[in-house]
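Below is one structure; the comments refer to it alone.
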């Protein structure tokens, strides 16, 4: 019984202490940057507001007026289309579609093996999800290609 109280007291003291240590370490490191932000900062030394403007312009396929930001947007769009940054490469979409196909096939095998035809709706939803994924990927890629052209 004593060991149970020791565990409870250890958790009651240790959990807040660990949380406080984690928060102070994160505050000292500064804001966390995603891959696109790190890429833009490393290549063009853009501040937060400029990085967000460049990302938004590239993802929406619209031009920027400042020459430095146009150059950064052109470079970012080219890197995204090449699959170097941002997860828009052919390998990424192949993995996503492959995972979706394997899930649909697994559900279909389950339906056929068990004779539980009420699960056919899951297969249909899986195919719809796959179609939406491909459509979203193609639309995003077209916008980025347009952003590459108008900021070039």
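Can you give the FRET efficiency to the nearest 0.05 for residue 136 and residue 49, using r as the Cβ-Cβ distance and R₀ = 25 Å? Don't jump to the answer; show the numbers that get you there.
Details: r = 27 Å, r/R0 = 1.09.
The pair residue 136/residue 49 has a calculated efficiency of 0.35.
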Query raised in the report: When a footprinting reagent is the concern and you count Cβ atoms within 10 Å, what order do 65, 52, 116 take, fewest first?
Result: 65, 116, 52
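Fully extended, how many nm does the chain gain between residue 145 and residue 3 (0.36 nm per residue separation, minus their Cα-Cα distance)? The partial results should precede the final answer.
Details: separation 142, 0.36 × 142 = 51.12 nm, distance 6.32 nm.
Full extension of this stretch gives 44.8 nm more.
Using 0.36 nm per residue, how much length does the chain from residue 120 to residue 97 gain when fully extended, once their Cα-Cα distance is taken away? Mind dumping the intermediate values first?
Numbers: separation 23, 0.36 × 23 = 8.28 nm, distance 1.94 nm.
My answer for the length gained is 6.3 nm.
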Requested in this report: Using only alpha carbon pairs under 8 Å that are at least six residues apart, calculate the relative contact order of the range 34-150 and give it in whole percent.
Outcome: 36
Query raised in the report: In which sequence would 137, 117 go, from the one with the fewest C-beta neighbours within 10 Å to the one with the most?
Result: 117, 137
Query raised in the report: Given labels modelled 7 Å from the Cα in the Cβ direction, how far is it in nm from residue 113 to residue 65?
Result: 6.2
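Order of 56, 47, 71 from fewest to most other C-beta atoms within 10 Å? Kindly include the intermediate steps, with their values, before the conclusion.
Numbers: 56 13, 47 9, 71 16.
Arranged by neighbour count, lowest to highest, 56, 47, 71 become 47, 56, 71.
Here, each number is a calculation from the coordinates, and none is a lab measurement. Quick caveat: nothing in here was measured; it's all calculated off a predicted structure. Positions of Cβ are generated from backbone atoms using ideal geometry, with glycine treated the same way; all protein chains shown enter the neighbour counts.
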